[in-house]
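Okay, so here's the structure we're looking at.
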Amino acid sequence: MPRSRSPRIITLLTDFGQHDHYVGAMKGVILSLAPEALVVDVSHEVASYSLAEARFMLAQSWPYFPEKTIHVVVVDPGVGTTRRAILVDAGRQLFLGPDNGVFSEIVRREDARARVVTNEKLFRNPVSSTFHGRDIFAPVAAHLAMGLAPSRVGPRVDNAWVDPLTAPTRTGKRTWSGEIVSIDKFGNVITSFRTAEFPQLAERPFVLKVGLAILGEVVKTYAAIPSGTVAVVLASHGHLEAAANQDSAARRLGVACGSPVELEIL
Amino acid sequence: MPRSRSPRIITLLTDFGQHDHYVGAMKGVILSLAPEALVVDVSHEVASYSLAEARFMLAQSWPYFPEKTIHVVVVDPGVGTTRRAILVDAGRQLFLGPDNGVFSEIVRREDARARVVTNEKLFRNPVSSTFHGRDIFAPVAAHLAMGLAPSRVGPRVDNAWVDPLTAPTRTGKRTWSGEIVSIDKFGNVITSFRTAEFPQLAERPFVLKVGLAILGEVVKTYAAIPSGTVAVVLASHGHLEAAANQDSAARRLGVACGSPVELEIL
Amino acid sequence: MPRSRSPRIITLLTDFGQHDHYVGAMKGVILSLAPEALVVDVSHEVASYSLAEARFMLAQSWPYFPEKTIHVVVVDPGVGTTRRAILVDAGRQLFLGPDNGVFSEIVRREDARARVVTNEKLFRNPVSSTFHGRDIFAPVAAHLAMGLAPSRVGPRVDNAWVDPLTAPTRTGKRTWSGEIVSIDKFGNVITSFRTAEFPQLAERPFVLKVGLAILGEVVKTYAAIPSGTVAVVLASHGHLEAAANQDSAARRLGVACGSPVELEIL
């Protein structure tokens with residue numbers, strides 16, 4: 001079988017920011033080992049240490065990448081401690097990062113197979129205790145991009161860290177409580193209520209309580225939101241979103257990432 | 001004729017910011033369809049909804065790219081409404097985005113040929129009503145990068161949206177009014193006065209009124225500006241610019257993007 | 001000898017920021033001349049005009065890149081003046097930028113060979129007086145990526161600008177004074193004290209005076225720092241670093257880039 005001519009893709013999702021040298025050093029390590037790899041930045045602006053935001057951004061990006069893409073996610077407050085490094089094979093793609101719950105939704109998939117990353121021959125030597133992105137995750141991703149079999153990375157495990165579902169919890173006959181999982185650059189307020197989990201939203205009226213506001217109007221486009229108001233949008237990511245028209249809903253509502261929200265289906 | 005080995009370039013210019021997953025999702029869609037495409041970020045930090053700034057940045061970047069580059073510009077407050085998507089072939093390059101005036105200067109070129117993007121077979125399915133960057137512009141750009149003929153995208157139109165020229169207007173025998181089109185990271189104040197349109201600037205003295213200041217000194221380099229002052233620079237982008245030496249002219253002058261400026265040729 | 005299939009890497013390290021069109025224009029120029037070059041952003045968020053920060057970031061990234069990488073560093077307050085452009089061949093890599101001291105540590109290497117960049121045939125024409133990144137450094141880097149011999153760029157010189165060492169100075173029998181060279185996105189405070197230059201740190205207790213604080217505790221991982229305190233970390237970059245656990249040490253200590261620090265070995 002001829003080898004595909006397409007370069008192998010490695011995506012990076014971190015909380016490293018774009019000011020520092022961290023991402024540049026990781027890319028240098030990757031390209032030294034895998035010159036043909038294609039490195040794609042998903043985001044380096046995950047809120048520092050926020051596994052919840054990293055999980056949301058990963059869920060919103062990985063399904064759009066081709067098979068065999070290697071997703072490296074480094075949000076890693078426990079770097080250098082006994083926390084393990086993990087490689088998950090799921091959805092015909094690979095996920096590499098610290099075993100701290102950032103891959104909870106991936107690991108929960110039926111087709112997921114997890115391995116602990118233990119093969120030190122793949123690491124840079126010596127491994128620092130503060131920058132595993134450069135010393136472990138970058139070289140392991142590069143070796144995988146060069147065709148290394150996932151089995152060479154380390155043994156299978158069935159106890160990868162899985163956080164409890166961040167899905168909304170039912171609080172009454174017709175009410176659920178959830179939270180704000182992300183606020184985007186436009187100030188759109190993205191909640192943990194997924195429309196796929198609430199099919200009744202398509203048929204029944206509902207209200208979304210965010211901050212002090214009770215939002216009842218549902219629109220399809222941002223442009224349809226009356227100026228000066230906030231409405232609910234069934235947005236591209238599949239979550240209920242509170243938005244304003246060319247304005248920041250987050251500022252209007254006075255809410256932040258992590259704030260509680262409540263859904264009531266009437 | 002042998003096929004060129006060079007990858008086809010797709011540039012991205014958006015107001016999506018770099019915090020969110022939007023750009024990453026677009027890149028995933030592009031690379032799934034066109035693995036050999038080379039995606040280049042021009043900027044994702046266009047001020048939210050600012051067509052004027054997007055136009056300026058596009059004008060300052062596209063001429064430096066090679067033939068056949070595909071420029072995707074998504075500043076799109078009208079996403080999901082009846083606004084059309086448009087593809088413009090001009091200057092031996094392609095321009096793809098919402099038909100909202102962002103390509104006004106491109107469409108005005110003599111060699112410009114515009115098409116509405118109507119071929120839904122090229123889109124992701126279903127198309128969301130809030131993220132056409134991912135669902136329409138990314139896959140159409142990818143198909144074009146793979147060699148799809150522009151004619152396959154949709155029919156020719158001759159009524160692409162063209163905003164009135166943002167060129168300065170004459171207000172007197174020797175005076176023109178313009179505006180600030182961009183303030184860069186250094187605080188340099190870039191005006192709508194293009195030196196190519198005012199050849200007399202090379203021969204005659206002039207003053208530039210910005211904020212409360214009247215600037216008369218013209219210098220060739222930032223280093224030539226006396227410390228603590230603001231001067232006029234004939235800068236690399238071809239616009240008159242007010243600048244300070246290792247300091248922010250915008251803060252010194254107390255002006256912002258969109259503020260009026262006045263030119264008087266003495 | 002067969003030509004390597006690997007694309008030639010050009011890294012960019014600038015203070016241009018990510019809002020403006022500057023980086024996009026440079027990439028257009030590079031890819032027009034060297035379609036197969038791989039452009040890697042190290043950072044564009046160097047503090048405006050800060051040669052010290054650029055030097056630190058360069059030192060933290062270039063050693064991880066493969067042989068023949070071309071590192072373009074543009075932090076250039078003297079653009080358009082008589083300051084020279086320089087190309088340094090060292091460590092089997094190339095370094096290109098203004099001759100203003102940004103390559104001081106590179107030039108000091110025994111294997112360094114510097115050339116002034118004088119061959120105007122390689123430049124864009126005309127060369128602006130404010131944007132040599134686009135008009136000189138981008139096209140020269142592209143020509144080098146296409147295989148141009150460094151000798152074609154200009155003549156050898158032995159007087160490349162070298163700033164005095166920013167290494168700490170001894171202030172007493174057991175005390176040294178240094179400074180803060182960078183504060184990263186997490187608020188980690190990186191000092192000019194390199195552990196390689198102070199081997200006695202491995203054997204003897206010491207204190208680090210930063211701001212009003214006297215830090216004595218040394219830890220290996222961020223997670224080991226007691227909540228609410230700041231400790232010293234022997235971090236991945238080889239410099240003594242003051243850090244907090246999921247918190248900003250810089251804010252806790254009230255210090256900024258350039259602030260003085262003092263080391264006392266007990």
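The values are calculated or read from the model by the stated rules, or taken from the named source; none is laboratory data. Everything numeric in this text was worked out from a predicted model, so none of it was measured. Reconstructed Cβ throughout: ideal geometry from the backbone, glycine too, with neighbour counts over all protein chains shown.
Of note:
- Qualifying residue in the range B:140-163 (condition: surrounded by fewer than 13 Cβ atoms within 10 Å (Cβ to Cβ), within 21 Å of B:LYS209 (Cβ to Cβ) and more than 23 Å from the chain's Cα centre (by Cα)): no
- Within the range C:161-174, not a single residue is in contact (Cβ under 8 Å) with a residue 60 or more places away in the chain and not in a loop (DSSP other than H, G, I, E, B).
- Apart from one condition, C:TYR49 fits all of (1) under 26 Å from A:ILE10 (Cβ atoms); (2) facing chain B (nearest Cβ under 9 Å); (3) not in a helix (DSSP H, G or I); the exception is (1).
- Residue match in the range A:29-40 (condition: hydroxyl-bearing (Ser, Thr, Tyr), outside any strand (DSSP E or B) and more than 23 Å from B:GLY17 (Cβ to Cβ)): yes
- Within the option set A:VAL255, A:VAL261, A:VAL219, being more than 20 Å from B:SER48 (Cβ to Cβ) and more than 20 Å from the chain's Cα centre (by Cα) holds for one residue only, A:VAL261.
- Any chance B:ALA25 is under 18 Å from the mean Cα position of the chain (by Cα) and more than 16 Å from B:LEU96 (Cα to Cα): no
- Output for the range B:208-237, where each listed residue is under 22 Å from B:THR171 (Cβ atoms) and either modelled with pLDDT of 90 or more or touching a strand residue (DSSP E or B) at 6+ places or on another chain (Cβ under 8 Å) (or both): B:LEU208, B:LYS209, B:VAL210, B:ALA213, B:ILE214, B:LEU215, B:GLY216, B:VAL218, B:VAL232
- Filter result for B:ALA47 (touching a residue at least 40 places away in the same chain (Cβ under 8 Å), farther than 24 Å from A:SER236 by Cβ and within 15 Å of the chain's Cα centre (by Cα)): no
- In the range A:201-216, the residues that are in a loop (DSSP other than H, G, I, E, B) form Cβ pairs under 6 Å with partners that are exposed (fewer than 15 other Cβ atoms within 10 Å of the Cβ), at six or more places apart or across chains, as follows: A:PRO205/A:LEU266; A:GLY211/A:GLY254.
- Qualifying residues in the range A:70-82 (those that are buried (at least 24 other Cβ atoms within 10 Å of the Cβ) and of a type outside the set (A, V, I, L, M, F, W, C)) - the one farthest from A:ILE106 (Cα to Cα): A:ASP76
- Qualifying residue in the range C:66-84 (condition: modelled with pLDDT of 95 or more, in contact with a Leu (Cβ under 7 Å, 6 or more places away or on another chain), part of a loop (DSSP other than H, G, I, E, B) and at the interface with another protein chain (Cβ under 9 Å from one of its Cβ atoms)): yes
- Criterion: more than 12 Å from chain B (Cβ to nearest Cβ), surrounded by 17 or more Cβ atoms within 10 Å (Cβ to Cβ) and not aromatic (Phe, Trp, Tyr) - qualifying residue of A:LEU212, A:LEU201, A:LEU234: A:LEU201
- When B:PHE95 is tested against the conditions (1) more than 12 Å from every other protein chain (Cβ to nearest Cβ); (2) in a loop (DSSP other than H, G, I, E, B); (3) touching a helix residue (DSSP H, G or I) at 6+ places or on another chain (Cβ under 9 Å), the lone failure is (2).
- One residue stands out in the range C:52-64 among those that are within 11 Å of another protein chain (Cβ to nearest Cβ) and hydrophobic (A, V, I, L, M, F, W, C): the one that is surrounded by the fewest Cβ atoms within 10 Å (Cβ to Cβ), namely C:ALA59.
- Test set (1) surrounded by fewer than 22 Cβ atoms within 10 Å (Cβ to Cβ); (2) touching a residue at least 60 places away in the same chain (Cβ under 8 Å); (3) under 27 Å from B:GLY133 (Cα atoms) - A:GLU67 fails condition number: (2)
- Residues in the range B:237-253 that are part of a loop (DSSP other than H, G, I, E, B), of a type in the set (Gly, Ala, Ser) and within 11 Å of chain C (Cβ to nearest Cβ): B:GLY238, B:SER248.
- Of all residues in the range B:28-38, those being facing chain A (nearest Cβ under 8 Å) and within 23 Å of B:ASN100 (Cβ to Cβ) number 1.
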